Amino acid sequence: MQEAHFRDEDLEYMRNHKGSAGQCLFQNDFLDSLRKNGTFEGITMRAVPEGRVVHPNVPLVVVRGPLPMAQLLETHYSTS
């Protein structure tokens with residue numbers, strides 16, 4: 001994660017990605033912010049080890065760090 005970042009080709013793919021009605025899915029200001037701040041430095045993650053028993057209302061993954069990048073990771077892991 002320390003070396004992960006959004007590459008120019010990633011951002012260009014996102015810039016050209018369209019919804020079913022043909023609209024852009026990502027606004028330019030969002031993509032520009034990812035270009036400037038799109039690293040995962042300062043992110044920490046904790047997760048329940050595989051095979052462990054978990055109780056209701058206990059988070060399986062806890063992500064801490066800069067909000068936009070933490071939200072991207074949290075969203076990815078909560079939908080996987």
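The values are calculated or read from the model by the stated rules, or taken from the named source; none is laboratory data. In this text the structure is predicted, and so the values were computed from the model without any measurement. Every residue, glycine among them, receives a Cβ derived from its backbone with ideal geometry; neighbour counts consider all protein chains shown.
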- The residue that is nearest to PHE6 (Cα to Cα), considering only those in the stretch 21-43 that are of a type in the set (S, T, N, Q) and surrounded by 11 or more Cβ atoms within 10 Å (Cβ to Cβ), is THR39
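Do we find that GLY42 is at pLDDT 90 or above, in a loop (DSSP other than H, G, I, E, B) and not acidic (Asp, Glu) in this structure?
Values: at pLDDT 90 or above: no; in a loop (DSSP other than H, G, I, E, B): yes; not acidic (Asp, Glu): yes.
It is false that GLY42 is at pLDDT 90 or above, in a loop (DSSP other than H, G, I, E, B) and not acidic (Asp, Glu).
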- Message: I'd like to know if the stretch 53-75 contains one or more residues that are among the hydroxyl-bearing types (Ser, Thr, Tyr), at pLDDT 85 or above and surrounded by 10 or more Cβ atoms within 10 Å (Cβ to Cβ).
- Response: no
- Task: Can you run down the residue pairs with Cβ atoms below 9 Å, 6 or more apart or on separate chains, where the first is in the stretch 1-27 and touching a residue at least 40 places away in the same chain (Cβ under 8 Å) and the partner is aliphatic (A, V, I, L, M)?
- Result: MET1/ILE43; MET1/MET45; MET1/LEU73
- Scan the stretch 2-39 for residues that are aromatic (Phe, Trp, Tyr) and either assigned by TED's automatic domain parsing to the domain that holds LEU73 or in a helix (DSSP H, G or I) (or both) and jot them down. TYR13, PHE30
